[in-house]
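Okay, structure first, notes after.
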(Lines give C-alpha, C1' and ligand atoms only; values in the text may rest on other atoms or scores of the structure.)
Protein backbone atom coordinates (compact mmCIF):
# COMPACT_ATOMS: atom_id res chain seq x y z
CA UNK A 1 0.00 0.00 0.00
CA UNK A 2 0.99 3.62 -0.50
CA UNK A 3 0.82 6.07 2.38
CA UNK A 4 -2.41 7.51 1.02
CA UNK A 5 -3.91 4.07 0.55
CA UNK A 6 -3.11 3.19 4.17
CA UNK A 7 -4.87 6.22 5.63
CA UNK A 8 -7.88 5.91 3.33
CA UNK A 9 -8.17 2.21 4.19
CA UNK A 10 -8.28 3.15 7.86
CA UNK A 11 -10.95 5.80 7.21
CA UNK A 12 -12.96 3.10 5.41
CA UNK A 13 -12.76 0.75 8.39
CA UNK A 14 -10.21 -1.53 6.71
CA UNK A 15 -6.87 -2.79 8.03
CA UNK A 16 -3.82 -1.20 6.33
CA UNK A 17 -0.73 -3.27 5.58
CA UNK A 18 1.16 -1.30 8.24
CA UNK A 19 0.49 1.49 10.70
CA UNK A 20 0.43 4.85 8.84
CA UNK A 21 3.23 7.24 9.89
CA UNK A 22 2.97 11.03 9.56
CA UNK A 23 4.92 13.96 10.99
CA UNK A 24 4.50 17.73 11.08
CA UNK A 25 7.96 19.02 10.15
CA UNK A 26 7.09 22.70 9.73
CA UNK A 27 8.40 23.83 13.15
CA UNK A 28 11.69 21.98 12.61
CA UNK A 29 11.98 23.60 9.18
CA UNK A 30 11.47 27.10 10.59
CA UNK A 31 14.27 26.56 13.10
CA UNK A 32 16.63 25.22 10.44
CA UNK A 33 15.89 28.21 8.21
CA UNK A 34 16.53 30.64 11.07
CA UNK A 35 19.97 29.09 11.60
CA UNK A 36 20.72 28.96 7.86
CA UNK A 37 20.83 25.16 8.01
CA UNK A 38 17.84 24.17 5.87
CA UNK A 39 19.03 22.39 2.69
CA UNK A 40 18.16 24.17 -0.56
CA UNK A 41 17.02 20.90 -2.11
CA UNK A 42 14.04 20.93 0.24
CA UNK A 43 12.83 24.45 -0.56
CA UNK A 44 9.55 25.04 -2.37
CA UNK A 45 6.56 22.72 -2.68
CA UNK A 46 8.52 20.03 -4.53
CA UNK A 47 11.33 20.23 -1.99
CA UNK A 48 8.89 19.96 0.90
CA UNK A 49 7.55 16.76 -0.61
CA UNK A 50 11.09 15.46 -1.24
CA UNK A 51 11.98 15.95 2.44
CA UNK A 52 9.07 13.74 3.48
CA UNK A 53 9.91 11.14 0.85
CA UNK A 54 13.57 11.02 1.94
CA UNK A 55 12.47 10.47 5.54
CA UNK A 56 9.83 7.90 4.60
CA UNK A 57 7.10 9.80 6.42
CA UNK A 58 3.65 10.86 5.22
CA UNK A 59 2.81 14.49 4.44
CA UNK A 60 -0.52 15.99 5.50
CA UNK A 61 0.11 19.61 6.52
CA UNK A 62 -0.27 22.36 5.41
CA UNK A 63 -2.50 22.33 2.35
CA UNK A 64 -3.79 25.59 0.83
CA UNK A 65 -7.16 26.88 1.95
CA UNK A 66 -10.23 26.53 -0.26
CA UNK A 67 -11.55 30.01 0.51
CA UNK A 68 -10.35 33.55 1.19
CA UNK A 69 -11.86 36.59 2.89
CA UNK A 70 -11.95 40.28 1.99
CA UNK A 71 -13.02 43.48 3.77
CA UNK A 72 -13.67 47.06 2.70
CA UNK A 73 -10.25 48.69 3.09
CA UNK A 74 -11.84 52.12 3.58
CA UNK A 75 -13.60 50.85 6.70
CA UNK A 76 -10.91 48.57 8.12
CA UNK A 77 -7.27 49.63 8.25
CA UNK A 78 -4.32 47.59 9.51
CA UNK A 79 -1.12 48.97 10.99
CA UNK A 80 1.95 47.00 11.95
CA UNK A 81 5.28 47.87 13.56
CA UNK A 82 8.16 46.19 15.34
CA UNK A 83 9.80 47.39 18.55
CA UNK A 84 12.72 45.14 19.45
CA UNK A 85 11.31 41.67 20.01
CA UNK A 86 7.73 43.00 20.03
CA UNK A 87 5.39 42.75 17.06
CA UNK A 88 2.53 45.26 17.38
CA UNK A 89 -0.58 45.16 15.19
CA UNK A 90 -3.63 47.40 15.26
CA UNK A 91 -6.90 46.84 13.42
CA UNK A 92 -8.98 49.99 13.12
CA UNK A 93 -12.71 49.25 12.82
CA UNK A 94 -15.79 51.52 12.83
CA UNK A 95 -16.46 50.23 16.37
CA UNK A 96 -12.97 50.72 17.81
CA UNK A 97 -9.34 49.65 17.54
CA UNK A 98 -8.11 46.14 18.31
CA UNK A 99 -4.46 46.10 19.43
CA UNK A 100 -2.39 42.91 19.58
CA UNK A 101 1.23 42.47 20.73
CA UNK A 102 3.37 39.38 20.21
CA UNK A 103 6.86 38.79 21.61
CA UNK A 104 9.30 36.70 19.60
CA UNK A 105 11.50 34.21 21.46
CA UNK A 106 14.59 33.32 19.39
CA UNK A 107 15.50 30.33 21.58
CA UNK A 108 12.25 28.55 20.77
CA UNK A 109 11.83 30.11 17.30
CA UNK A 110 8.29 31.06 18.27
CA UNK A 111 6.17 33.97 19.45
CA UNK A 112 3.49 34.42 22.09
CA UNK A 113 0.85 36.95 22.99
CA UNK A 114 1.89 39.75 25.33
CA UNK A 115 -1.39 41.56 24.77
CA UNK A 116 -4.59 40.12 23.31
CA UNK A 117 -6.82 42.23 21.09
CA UNK A 118 -9.91 41.84 23.27
CA UNK A 119 -9.63 43.16 26.80
CA UNK A 120 -13.15 44.51 27.46
CA UNK A 121 -16.71 43.91 26.30
CA UNK A 122 -16.34 47.04 24.11
CA UNK A 123 -13.56 45.22 22.26
CA UNK A 124 -16.00 42.36 21.67
CA UNK A 125 -18.23 44.80 19.81
CA UNK A 126 -15.30 45.82 17.58
CA UNK A 127 -14.48 42.17 16.98
CA UNK A 128 -18.06 41.42 15.93
CA UNK A 129 -17.89 44.33 13.52
CA UNK A 130 -14.64 43.00 12.04
CA UNK A 131 -15.92 39.46 11.59
CA UNK A 132 -19.30 40.44 10.16
CA UNK A 133 -17.73 42.67 7.50
CA UNK A 134 -15.68 39.88 5.89
CA UNK A 135 -16.89 38.50 2.57
CA UNK A 136 -15.98 34.89 1.80
CA UNK A 137 -14.98 33.58 -1.64
CA UNK A 138 -14.12 30.04 -2.88
CA UNK A 139 -10.67 29.19 -4.21
CA UNK A 140 -10.02 25.54 -5.07
CA UNK A 141 -7.13 25.62 -7.57
CA UNK A 142 -4.17 25.67 -5.15
CA UNK A 143 -5.66 22.87 -3.07
CA UNK A 144 -6.13 20.72 -6.18
CA UNK A 145 -2.52 21.43 -7.22
CA UNK A 146 -1.09 20.32 -3.87
CA UNK A 147 -3.37 17.27 -3.75
CA UNK A 148 -1.98 16.17 -7.11
CA UNK A 149 1.62 17.00 -6.16
CA UNK A 150 1.56 15.07 -2.88
CA UNK A 151 -0.07 12.16 -4.66
CA UNK A 152 0.31 8.79 -2.95
CA UNK A 153 2.86 10.04 -0.41
CA UNK A 154 0.24 11.52 1.85
CA UNK A 155 -3.09 13.28 1.92
CA UNK A 156 -3.82 17.01 2.24
CA UNK A 157 -5.80 17.76 5.38
CA UNK A 158 -7.92 20.89 5.04
CA UNK A 159 -8.01 23.20 8.06
CA UNK A 160 -11.13 25.36 8.41
CA UNK A 161 -11.13 28.26 10.89
CA UNK A 162 -11.10 27.37 14.55
CA UNK A 163 -14.56 26.95 16.00
CA UNK A 164 -16.02 30.02 17.76
CA UNK A 165 -14.87 29.24 21.31
CA UNK A 166 -11.36 28.30 20.15
CA UNK A 167 -11.08 31.41 17.96
CA UNK A 168 -11.95 33.61 20.91
CA UNK A 169 -9.61 31.78 23.28
CA UNK A 170 -6.57 31.32 21.03
CA UNK A 171 -6.71 34.22 18.59
CA UNK A 172 -8.48 37.15 20.23
CA UNK A 173 -9.07 37.00 23.99
CA UNK A 174 -6.91 34.49 25.86
CA UNK A 175 -8.28 32.11 28.45
CA UNK A 176 -7.85 34.49 31.41
CA UNK A 177 -9.65 37.43 29.77
CA UNK A 178 -12.33 35.06 28.46
CA UNK A 179 -13.02 33.67 31.94
CA UNK A 180 -13.70 37.18 33.24
CA UNK A 181 -15.82 38.13 30.22
CA UNK A 182 -17.91 34.95 30.48
CA UNK A 183 -18.56 35.78 34.14
CA UNK A 184 -19.22 39.52 33.77
CA UNK A 185 -20.67 39.83 30.25
CA UNK A 186 -22.04 36.42 29.22
CA UNK A 187 -24.50 37.94 26.73
CA UNK A 188 -21.70 39.78 24.90
CA UNK A 189 -19.63 36.60 24.74
CA UNK A 190 -22.55 34.58 23.41
CA UNK A 191 -23.38 37.25 20.81
CA UNK A 192 -19.77 37.18 19.63
CA UNK A 193 -19.75 33.40 19.40
CA UNK A 194 -22.95 33.53 17.34
CA UNK A 195 -21.44 36.18 15.03
CA UNK A 196 -18.46 33.92 14.39
CA UNK A 197 -20.73 30.92 13.83
CA UNK A 198 -22.85 32.79 11.28
CA UNK A 199 -19.75 33.75 9.29
CA UNK A 200 -18.55 30.18 9.41
CA UNK A 201 -21.83 29.09 7.79
CA UNK A 202 -20.49 30.63 4.57
CA UNK A 203 -17.08 29.01 5.02
CA UNK A 204 -18.42 25.53 5.70
CA UNK A 205 -20.69 25.76 2.68
CA UNK A 206 -17.58 26.26 0.54
CA UNK A 207 -15.68 23.48 2.34
CA UNK A 208 -18.53 21.06 1.70
CA UNK A 209 -18.35 21.87 -2.03
CA UNK A 210 -14.53 21.69 -2.10
CA UNK A 211 -12.38 18.79 -3.36
CA UNK A 212 -10.98 18.17 0.13
CA UNK A 213 -11.64 14.68 1.52
CA UNK A 214 -10.23 15.14 5.05
CA UNK A 215 -11.15 18.15 7.20
CA UNK A 216 -9.54 18.80 10.57
CA UNK A 217 -10.85 21.37 13.03
CA UNK A 218 -7.63 23.14 14.18
CA UNK A 219 -8.78 24.07 17.67
CA UNK A 220 -5.52 23.23 19.50
CA UNK A 221 -7.54 21.97 22.43
CA UNK A 222 -6.39 21.15 25.93
CA UNK A 223 -8.62 19.92 28.73
CA UNK A 224 -6.89 22.06 31.35
CA UNK A 225 -8.04 25.28 29.65
CA UNK A 226 -11.33 24.59 27.85
CA UNK A 227 -12.77 21.45 29.42
CA UNK A 228 -15.84 23.01 31.06
CA UNK A 229 -16.21 25.79 28.50
CA UNK A 230 -16.19 23.22 25.68
CA UNK A 231 -19.27 21.47 27.06
CA UNK A 232 -21.02 24.81 27.53
CA UNK A 233 -20.22 26.45 24.21
CA UNK A 234 -18.79 23.93 21.73
CA UNK A 235 -20.32 20.45 21.93
CA UNK A 236 -23.49 21.29 19.98
CA UNK A 237 -21.49 23.31 17.47
CA UNK A 238 -19.17 20.36 16.81
CA UNK A 239 -22.12 18.02 16.31
CA UNK A 240 -23.65 20.45 13.81
CA UNK A 241 -20.48 20.91 11.74
CA UNK A 242 -19.48 17.24 11.81
CA UNK A 243 -22.93 16.20 10.60
CA UNK A 244 -22.76 18.84 7.84
CA UNK A 245 -19.34 17.61 6.69
CA UNK A 246 -20.33 13.94 6.88
CA UNK A 247 -23.33 14.61 4.63
CA UNK A 248 -20.87 16.15 2.16
CA UNK A 249 -18.75 12.97 2.23
CA UNK A 250 -15.88 14.35 4.31
CA UNK A 251 -13.80 12.62 6.99
CA UNK A 252 -13.61 14.88 10.05
CA UNK A 253 -11.05 15.21 12.84
CA UNK A 254 -9.87 17.67 15.46
CA UNK A 255 -6.49 18.84 16.76
CA UNK A 256 -6.12 17.97 20.46
CA UNK A 257 -2.51 18.62 21.46
CA UNK A 258 -2.84 19.26 25.18
CA UNK A 259 -4.12 17.39 28.21
CA UNK A 260 -6.85 14.85 27.43
CA UNK A 261 -8.67 13.77 30.58
CA UNK A 262 -12.01 15.49 30.88
CA UNK A 263 -12.18 16.38 27.18
CA UNK A 264 -11.20 13.56 24.81
CA UNK A 265 -14.29 11.43 25.57
CA UNK A 266 -16.56 14.45 25.09
CA UNK A 267 -14.87 15.11 21.76
CA UNK A 268 -15.16 11.52 20.56
CA UNK A 269 -18.87 11.47 21.38
CA UNK A 270 -19.53 14.29 18.88
CA UNK A 271 -19.02 11.68 16.09
CA UNK A 272 -15.55 12.82 15.03
CA UNK A 273 -13.83 10.27 12.81
CA UNK A 274 -10.38 10.95 14.28
CA UNK A 275 -8.64 12.92 17.01
CA UNK A 276 -5.23 14.17 15.93
CA UNK A 277 -2.07 15.10 17.82
CA UNK A 278 -2.72 12.72 20.71
CA UNK A 279 0.13 13.40 23.17
CA UNK A 280 0.48 10.65 25.79
CA UNK A 281 2.92 10.23 28.68
CA UNK A 282 5.76 10.87 29.30
CA UNK A 283 4.74 14.34 28.03
CA UNK A 284 0.93 14.16 28.25
CA UNK A 285 -1.49 13.11 30.97
CA UNK A 286 -2.57 9.67 29.67
CA UNK A 287 -0.55 6.48 29.34
CA UNK A 288 -0.19 4.86 25.93
CA UNK A 289 -1.93 1.77 27.33
CA UNK A 290 -4.95 3.84 28.46
CA UNK A 291 -5.71 5.76 25.27
CA UNK A 292 -8.21 3.35 23.74
CA UNK A 293 -10.23 3.19 26.97
CA UNK A 294 -11.14 6.88 26.71
CA UNK A 295 -12.81 6.82 23.28
CA UNK A 296 -15.26 4.60 21.36
CA UNK A 297 -13.78 1.73 19.39
CA UNK A 298 -14.59 3.41 16.06
CA UNK A 299 -12.61 6.59 16.83
CA UNK A 300 -9.25 6.80 15.07
CA UNK A 301 -6.42 8.11 17.26
CA UNK A 302 -3.74 10.07 15.40
CA UNK A 303 -0.42 10.93 17.07
CA UNK A 304 1.23 9.18 19.97
CA UNK A 305 4.82 10.39 19.54
CA UNK A 306 5.39 13.56 21.60
CA UNK A 307 7.42 16.15 19.70
CA UNK A 308 9.53 16.70 22.80
CA UNK A 309 10.88 13.16 22.49
CA UNK A 310 12.75 14.09 19.28
CA UNK A 311 14.97 16.43 21.33
CA UNK A 312 17.21 16.22 24.44
CA UNK A 313 17.10 14.96 27.09
CA UNK A 314 15.34 12.11 25.28
CA UNK A 315 17.52 9.68 23.36
CA UNK A 316 16.83 7.40 20.42
CA UNK A 317 16.56 4.49 22.85
CA UNK A 318 13.80 6.36 24.76
CA UNK A 319 11.91 7.11 21.57
CA UNK A 320 12.34 3.61 20.16
CA UNK A 321 10.90 2.02 23.29
CA UNK A 322 8.00 4.46 23.21
CA UNK A 323 7.15 3.67 19.58
CA UNK A 324 7.45 -0.06 20.27
CA UNK A 325 4.89 0.34 23.06
CA UNK A 326 2.47 2.15 20.73
CA UNK A 327 2.86 -0.58 18.12
CA UNK A 328 2.30 -3.31 20.71
CA UNK A 329 -0.80 -1.63 22.13
CA UNK A 330 -2.44 -0.21 19.01
CA UNK A 331 -1.19 -1.65 15.71
CA UNK A 332 -3.73 -4.49 15.70
CA UNK A 333 -6.68 -2.14 16.19
CA UNK A 334 -6.49 -0.64 12.72
CA UNK A 335 -7.55 2.62 14.40
CA UNK A 336 -4.24 4.30 15.21
CA UNK A 337 -2.23 6.63 12.97
CA UNK A 338 1.32 7.00 14.28
CA UNK A 339 2.37 10.65 14.12
CA UNK A 340 4.38 13.36 15.81
CA UNK A 341 2.36 15.19 18.43
CA UNK A 342 2.28 17.76 17.45
CA UNK A 343 5.51 18.99 15.80
CA UNK A 344 9.13 17.94 15.57
CA UNK A 345 10.88 20.89 17.31
CA UNK A 346 13.71 23.00 15.84
CA UNK A 347 16.28 21.21 18.02
CA UNK A 348 14.83 17.80 17.26
CA UNK A 349 16.90 15.06 15.65
CA UNK A 350 15.32 14.72 12.21
CA UNK A 351 17.04 11.37 11.73
CA UNK A 352 14.71 9.95 14.38
CA UNK A 353 11.85 10.45 11.88
CA UNK A 354 13.65 8.23 9.36
CA UNK A 355 14.42 5.62 12.02
CA UNK A 356 10.74 5.36 12.98
CA UNK A 357 9.96 4.80 9.27
CA UNK A 358 12.46 1.94 9.22
CA UNK A 359 10.94 0.45 12.40
CA UNK A 360 7.51 0.30 10.78
CA UNK A 361 8.86 -1.34 7.63
CA UNK A 362 10.22 -4.14 9.81
CA UNK A 363 6.99 -4.80 11.73
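The values are calculated or read from the model by the stated rules, or taken from the named source; none is laboratory data. Every value quoted in this text rests on a predicted model; they were computed, and no experiment measured them. Reconstructed Cβ throughout: ideal geometry from the backbone, glycine too, with neighbour counts over all protein chains shown.
Can you tell me which residues in the stretch 209-246 are outside any helix (DSSP H, G or I) and either under 18 Å from residue 300 (Cβ atoms) or modelled with pLDDT under 95 (or both)?
212, 213, 214, 215, 216, 217, 218, 219, 220, 221, 222, 234
From the set of residues in the stretch 295-323 that are in contact with a helix residue (DSSP H, G or I) (Cβ under 8 Å, 6 or more places away or on another chain) and over 29 Å from residue 269 (Cα atoms), which is surrounded by the fewest Cβ atoms within 10 Å (Cβ to Cβ)?
So, considering only residues that are in contact with a helix residue (DSSP H, G or I) (Cβ under 8 Å, 6 or more places away or on another chain) and over 29 Å from residue 269 (Cα atoms), the one surrounded by the fewest Cβ atoms within 10 Å (Cβ to Cβ) is 318.
Across the stretch 127-154, which residue is nearest to residue 71 (Cα to Cα) among those that are in contact with a strand residue (DSSP E or B) (Cβ under 6 Å, 6 or more places away or on another chain) and surrounded by 20 or more Cβ atoms within 10 Å (Cβ to Cβ)?
So the residue we want is 130.
Does residue 96 qualify as being on the phi > 0 side of the Ramachandran plot, exposed (fewer than 15 other Cβ atoms within 10 Å of the Cβ) and not assigned by TED's automatic domain parsing to the domain that holds residue 30?
Against the criterion (on the phi > 0 side of the Ramachandran plot, exposed (fewer than 15 other Cβ atoms within 10 Å of the Cβ) and not assigned by TED's automatic domain parsing to the domain that holds residue 30), residue 96 does not qualify.
Please find, among 47, 31, the residue that is assigned by TED's automatic domain parsing to the domain that holds residue 200, over 28 Å from residue 299 (Cβ atoms), assigned to a helix (DSSP H, G or I) and touching a helix residue (DSSP H, G or I) at 6+ places or on another chain (Cβ under 7 Å).
The conditions single out 47.
In the stretch 115-126, what residues are assigned to a helix (DSSP H, G or I) and in contact with a helix residue (DSSP H, G or I) (Cβ under 6 Å, 6 or more places away or on another chain)?
Selection gives 121, 124.
May I ask you to list the residues in the stretch 345-363 that are part of a loop (DSSP other than H, G, I, E, B) and under 15 Å from residue 21 (Cβ atoms)?
Correct list: 350, 363.
Please state which one of 89, 75 is in contact with a strand residue (DSSP E or B) (Cβ under 9 Å, 6 or more places away or on another chain) and assigned to a strand (DSSP E or B).
89
How about the stretch 324-344: which of its residues are surrounded by fewer than 17 Cβ atoms within 10 Å (Cβ to Cβ) and part of a loop (DSSP other than H, G, I, E, B)?
334
Residues 112, 166: which one is free of Cβ contacts under 8 Å to residues at least 24 places away in the same chain and either under 16 Å from the mean Cα position of the chain (by Cα) or not in a helix (DSSP H, G or I) (or both)?
Just a single option satisfies the conditions, and that option is 112.
If you check residue 152 against the conditions, is it touching a helix residue (DSSP H, G or I) at 6+ places or on another chain (Cβ under 6 Å), modelled with pLDDT of 95 or more and not in a strand (DSSP E or B)?
Considered against the rule, which asks whether it is touching a helix residue (DSSP H, G or I) at 6+ places or on another chain (Cβ under 6 Å), modelled with pLDDT of 95 or more and not in a strand (DSSP E or B), residue 152 comes out as yes.
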